[in-house]
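S.K.: One structure coming up, written as structure tokens, with questions to follow.
The values are calculated or read from the model by the stated rules, or taken from the named source; none is laboratory data. What you see is a predicted model; the values in this text were computed from it and never measured. Cβ placement follows ideal geometry from the backbone for every residue including glycine, while neighbour counts extend to all protein chains displayed. Note: areas computed on protein heavy atoms with side chains; ligands, DNA, RNA excluded. Shrake-Rupley method; radii C 1.70, N 1.55, O 1.52, S 1.80 Å.
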Amino acid sequence: MAHAHHLPDGFLWGASTSAHQTEGGNTNSDWWQFEHMQTPIIKEPSGDACDSYHRWREDMDLLSELGFTDYRFGIEWARIEPAPGEFSRAAIAHYRRMVEGAQERGLRPLVTLHHFTTPRWFMERGGWAAAGSDELFTRYLTAAAPVYATGVDHVCTINEPNMVAVMAAVQRAHLSGEAPPTTGMPLPDGATTEALVRAHARAVETVKSCVPHVRTGWSVANQAYQTLPGAEDAAAPVRRQWEDVFLEAARGDDWLGVQSYTRTRIGPDGVLPVPEDAERTLSGWEFYPRALGQAVRDSAALAPGVPLIVTENGIATADDTRRIQYTSEALDSLTSAMNDGIDVRGYFHWSALDNYEWGRYAPTFGLIAVDRETFARTPKPSAAWLGAMGRRPILSPREGL
Ligand code: BGC
């Protein structure tokens with residue numbers, strides 16, 4: 001008999017989206033502005049995205065019919081605070097309806113407060129690294145408190161602060177005319193890292209003072225670093241600045257979000273390219289599903305005792321059978337870490353929908369396809385396969401196949 005993994009009671013079983021990548025027409029955000037500048041990073045602007053600002057009910061209907069019990073989505077600062085200190089009651093009411101709409105469909109909402117995008121005015125005054133950014137963030141969270149006042153157990157303050165700090169470094173290089181790195185990613189911008197760590201701590205305080213029962217955390221992009229023998233010196237600063245500082249900042253939080261897609265190998269000269277013979281996904285990353293098991297183990301080591309939630313894990317592919325294979329192997333590595341005692345409280349697949357992948361639409365991460373002309377949603381076989389595991393005591397992922 002195949003061996004069954006029983007996941008703990010109350011295990012969160014969901015899919016993830018973000019506001020900017022799905023809503024469409026996010027014209028007041030810094031990203032919208034960036035999308036209309038001449039830069040090779042942007043192949044096409046986000047435009048209408050998935051039109052989820054209007055079609056969110058359809059998204060939630062599908063997820064709940066598929067068997068999911070949880071949904072992670074974001075609220076958009078640029079809509080809630082269109083000008084400094086000027087709050088949109090209509091935008092707050094919109095997100096409040098989404099929280100209630102999720103509950104009505106049996107989906108527990110996990111709400112992300114910041115997922116890469118800020119209002120244009122916030123970027124124009126210098127972004128996260130500018131003095132007072134944490135103050136502005138907490139003012140927004142206080143105004144948005146009606147959204148998460150009831151019916152929301154988990155709030156994610158900042159999505160992938162390490163990527164936010166890397167993007168700040170890229171932007172700084174762009175502005176000062178420095179050459180971008182030829183391989184790998186630059187190191188995160190130090191001032192932005194410090195500002196984000198501070199903003200997170202203040203956000204936790206603020207959210208809890210508004211709504212004491214909410215469980216707060218942030219989600220870190222986990223690289224599943226693999227250091228080759230003799231590469232310890234090269235790996236130390238990369239690991240420290242890219243990941244460890246952000247994981248350590250989660251000590252004392254109610255939970256820590258783990259976001260894992262692939263591994264990163266480091267040799268004596270730094271980050272290594274994807275091996276020649278490896279299968280690559282549509283985002284160019286190595287097909288390496290077992291990164292997830294390592295990601296939760298590494299996160300637990302840096303933030304001991306903090307419960308983990310996998311807030312993103314998935315694959316960009318046009319071949320849905322590879323999505324099922326990837327996810328099946330990722331879940332195997334996750335359940336084996338859990339069997340070794342790693343405290344994981346939930347799994348959210350990235351993404352619910354094929355959406356705007358920060359500069360282009362080609363890398364499709366969705367469980368549900370979205371027609372770019374009509375916005376019609378079509379669940380892929382992977383959506384039914386993964387959703388069904390939410391309906392019964394969860395067995396070994398392989399048995400779900
Ligand atoms: C982000 C998502 C993104 C995904 C795939 C994460 O970096 O949180 O917004 O779409 O990974 O690249």
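S.K.: Give me the residue from segment 255-289 that is in contact (Cβ under 8 Å) with a residue 60 or more places away in the chain, in a loop (DSSP other than H, G, I, E, B) and surrounded by fewer than 19 Cβ atoms within 10 Å (Cβ to Cβ) and, out of that set, nearest to the ligand (Cβ to nearest atom).
M.R.: Per the stated criteria, the residue is Ser283.
S.K.: Within segment 33-45, how many residues are more than 15 Å from the ligand (Cβ to nearest atom) and within 16 Å of Glu124 (Cβ to Cβ)?
M.R.: Result for segment 33-45: 3.
S.K.: Select, from Asp48, Asp30, the only residue that is in contact (Cβ under 8 Å) with a residue 40 or more places away in the chain, away from the ligand (no atom under 16 Å from the Cβ) and charged (D, E, K, R).
M.R.: Asp48
S.K.: Of the residues in segment 353-363, how many are buried (at least 24 other Cβ atoms within 10 Å of the Cβ) and either more than 11 Å from the ligand (Cβ to nearest atom) or closer than 19 Å to Arg322 by Cα (or both)?
M.R.: So the answer is 3.
S.K.: Please tell me if Arg240 is more than 24 Å from Ser16 (Cα to Cα) and in a strand (DSSP E or B).
M.R.: Considered against the rule, which asks whether it is more than 24 Å from Ser16 (Cα to Cα) and in a strand (DSSP E or B), Arg240 comes out as no.
S.K.: Separate question: Counting only residues that are aliphatic (A, V, I, L, M) and open to solvent by less than 30 Å² (accessible area, probe 1.4 Å), which one in segment 301-320 is farthest from His349 (Cα to Cα)?
M.R.: Filtering segment 301-320 for residues that are aliphatic (A, V, I, L, M) and open to solvent by less than 30 Å² (accessible area, probe 1.4 Å), the one farthest from His349 (Cα to Cα) comes out as Ala303.
S.K.: Please find, within segment 297-347, the residue that is nearest to the chain's Cα centre (by Cα) out of those that are within 16 Å of the ligand (Cβ to nearest atom) and assigned to a loop (DSSP other than H, G, I, E, B).
M.R.: Gly314
S.K.: Also: Does Thr157 satisfy the criteria of being surrounded by fewer than 21 Cβ atoms within 10 Å (Cβ to Cβ) and either more than 16 Å from the ligand (Cβ to nearest atom) or under 30 Å from Gly106 (Cβ atoms) (or both)? Walk me through it before giving the result.
M.R.: Working: surrounded by fewer than 21 Cβ atoms within 10 Å (Cβ to Cβ): no; either more than 16 Å from the ligand (Cβ to nearest atom) or under 30 Å from Gly106 (Cβ atoms) (or both): yes.
It is false that Thr157 is surrounded by fewer than 21 Cβ atoms within 10 Å (Cβ to Cβ) and either more than 16 Å from the ligand (Cβ to nearest atom) or under 30 Å from Gly106 (Cβ atoms) (or both).
S.K.: Check segment 131-148 and report whether any residue there is buried (at least 16 other Cβ atoms within 10 Å of the Cβ), at pLDDT below 95 and out of contact with any His (no Cβ under 7 Å at 6 or more places or on another chain).
M.R.: no
S.K.: Can you confirm whether Ala203 is touching a residue at least 24 places away in the same chain (Cβ under 8 Å) and within 23 Å of the chain's Cα centre (by Cα)?
M.R.: Yes.
S.K.: Please go through segment 11-57 and pick out each residue that is in contact with a Cys (Cβ under 8 Å, 6 or more places away or on another chain) and either open to solvent by 20 Å² or more (accessible area, probe 1.4 Å) or charged (D, E, K, R) (or both).
M.R.: Scanning segment 11-57 gives a single hit, Glu23.
S.K.: Condition test on Leu401, is it within 21 Å of Thr69 (Cβ to Cβ) and either touching a strand residue (DSSP E or B) at 6+ places or on another chain (Cβ under 6 Å) or at pLDDT 95 or above (or both)?
M.R.: Spelling it out, it is not the case that Leu401 is within 21 Å of Thr69 (Cβ to Cβ) and either touching a strand residue (DSSP E or B) at 6+ places or on another chain (Cβ under 6 Å) or at pLDDT 95 or above (or both).
S.K.: Would it be correct to say that Trp350 is open to solvent by 30 Å² or more (accessible area, probe 1.4 Å), within 16 Å of the ligand (Cβ to nearest atom), modelled with pLDDT of 95 or more and within 23 Å of Lys43 (Cβ to Cβ)?
M.R.: No, not satisfied.
S.K.: Related question: Select from segment 198-237 the residues that are under 14 Å from Arg265 (Cα atoms), part of a loop (DSSP other than H, G, I, E, B) and open to solvent by less than 50 Å² (accessible area, probe 1.4 Å) and list them in ascending order.
M.R.: Gln223, Ala224, Ala231
S.K.: Next question. So, of the residues in segment 83-115 that are over 16 Å from Arg72 (Cβ atoms) and in a strand (DSSP E or B), which turns out to be least open to solvent (accessible area, probe 1.4 Å)?
M.R.: Our first condition is that a residue be over 16 Å from Arg72 (Cβ atoms); within segment 83-115, this holds for 83-94, 96-97, 100, 104.
Checking which are in a strand (DSSP E or B) leaves us with 83, 86.
On the way: Ala83: 30, Glu86: 110 Å².
Going through the qualifying residues, I end up with Ala83.
S.K.: Could you check, for segment 58-73, whether at least one of its residues is surrounded by fewer than 21 Cβ atoms within 10 Å (Cβ to Cβ), touching a Phe, Trp or Tyr at 6+ places or on another chain (Cβ under 6 Å) and hydroxyl-bearing (Ser, Thr, Tyr)?
M.R.: yes
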